[in-house]
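What follows is a single structure, written as structure tokens, with notes after it.
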Amino acid sequence: AKSTTVLWKEDRWTKVDAGREIIVPTPGPQEWDMGRAITWVIFHDTDGGTTSVISLHHMINVNKYPGTPPNKELRQQLYGEGMDKVAAKVKELSTLGPVIVGGDFNYSVGDNDDYGPRKKLSAVNMESTDDSLGRLDGVAIDYIFHTKNMVANKQSVAPKGQGENHSDHPYLYATFTADGSGGGSTDITSETTGQ
């Protein structure tokens with residue numbers, strides 16, 4: 001599995017279950033296509049609600065580095081199959097309560113292909129903060145998605161390589177409130193970082 005982590009504040013959240021799944025098990029045309037993964041964690045909060053978080057690091061941008069045909073089509077297929085696995089995990093976890101997916105999707109925020117994150121995750125009742133709150137400057141391939149039984153209240157970005165951000169990606173921050181649907185969750189405010 002490649003670089004997927006979920007962190008939380010133990011005074012607010014209690015881990016109920018967790019796991020890691022490979023979403024691209026098959027070699028592709030690019031050297032690092034295979035081995036892309038998600039890490040997921042189910043939490044109870046101090047108010048008794050349940051929220052799940054998925055951290056993702058997907059294949060290197062299939063539109064920016066497509067390779068020559070038929071490599072482009074194969075990479076798009078592998079990306080889409082990986083997103084199908086993410087959507088299936090969201091569907092499974094959403095029976096317990098709200099779900100947040102954050103991370104490096106390696107997919108341009110301006111693209112909207114059938115195999116991409118917007119189309120695949122909208123099928124399981126998710127939207128990105130990019131769509132619900134507006135696009136942030138300096139963010140190109142990183143997202144935070146949330147199930148629609150959460151309201152995205154605000155978001156911000158810590159630019160890459162500035163301040164305490166030593167990553168080659170920006171840090172995305174978002175605050176959510178749950179509407180009480182799904183798994184009995186009530187008034188949950190949670191924060192996630194996608195890298």
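The values are calculated or read from the model by the stated rules, or taken from the named source; none is laboratory data. Predicted model only: the values in this text are computed from it and were never measured. Because the Cβ atoms are built from the backbone with ideal geometry, glycine has one as well, and the counts that use them run over all protein chains shown. Each accessible area value is taken on the protein alone, full model and side chains, heavy atoms only, with ligands, DNA and RNA left out. Shrake-Rupley method; radii C 1.70, N 1.55, O 1.52, S 1.80 Å.
Residues checked against (1) modelled with pLDDT under 95; (2) touching a strand residue (DSSP E or B) at 6+ places or on another chain (Cβ under 9 Å); (3) closer than 24 Å to Pro27 by Cβ:
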site	(1), (2), (3)
Pro66	yes, no, yes
Tyr107	yes, yes, yes
Leu133	yes, yes, no
Gly138	yes, yes, no
Ile144	yes, yes, no
Lys154	yes, yes, no
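Given the criterion in contact with a Ser or Thr (Cβ under 9 Å, 6 or more places away or on another chain) and open to solvent by 20 Å² or more (accessible area, probe 1.4 Å), identify the matching residue among Thr4, Thr46.
Going through Thr4, Thr46 in turn, just one is in contact with a Ser or Thr (Cβ under 9 Å, 6 or more places away or on another chain) and open to solvent by 20 Å² or more (accessible area, probe 1.4 Å): Thr46.
Counting only residues that are at pLDDT 80 or above and out of contact with any strand residue (DSSP E or B) (no Cβ under 6 Å at 6 or more places or on another chain), how many does the range 109-129 have?
Number satisfying all stated conditions: 14.
Any residue in the range 106-122 that's without any contact (Cβ under 8 Å) to a residue 24 or more places away in the chain and within 16 Å of Met59 (Cα to Cα): show its pairings with residues that are in a loop (DSSP other than H, G, I, E, B) and open to solvent by 30 Å² or more (accessible area, probe 1.4 Å) at Cβ separation under 8 Å, as long as the two are six or more apart or on different chains.
Arg118/Asn112
For the range 44-53, state whether one or more residues are within 20 Å of the chain's Cα centre (by Cα), modelled with pLDDT under 95 and not in a strand (DSSP E or B).
Taking every residue of the range 44-53 in turn, none turns out to be within 20 Å of the chain's Cα centre (by Cα), modelled with pLDDT under 95 and not in a strand (DSSP E or B).
Considering each residue of the range 18-43, count those that are touching a residue at least 12 places away in the same chain (Cβ under 8 Å) and either surrounded by 19 or more Cβ atoms within 10 Å (Cβ to Cβ) or assigned to a loop (DSSP other than H, G, I, E, B) (or both), and give that number.
Looking only at that region, the number is 17.
Applying the selection to the range 94-108, what residues are out of contact with any Ser or Thr (no Cβ under 8 Å at 6 or more places or on another chain) and over 21 Å from Asp33 (Cβ atoms)?
Thr95
Taking Met83 as meeting all but one of (1) touching a strand residue (DSSP E or B) at 6+ places or on another chain (Cβ under 9 Å); (2) under 16 Å from Thr147 (Cβ atoms); (3) open to solvent by less than 40 Å² (accessible area, probe 1.4 Å), write down the number of the exception.
In the conditions (1) touching a strand residue (DSSP E or B) at 6+ places or on another chain (Cβ under 9 Å); (2) under 16 Å from Thr147 (Cβ atoms); (3) open to solvent by less than 40 Å² (accessible area, probe 1.4 Å), Met83 misses (1) alone.
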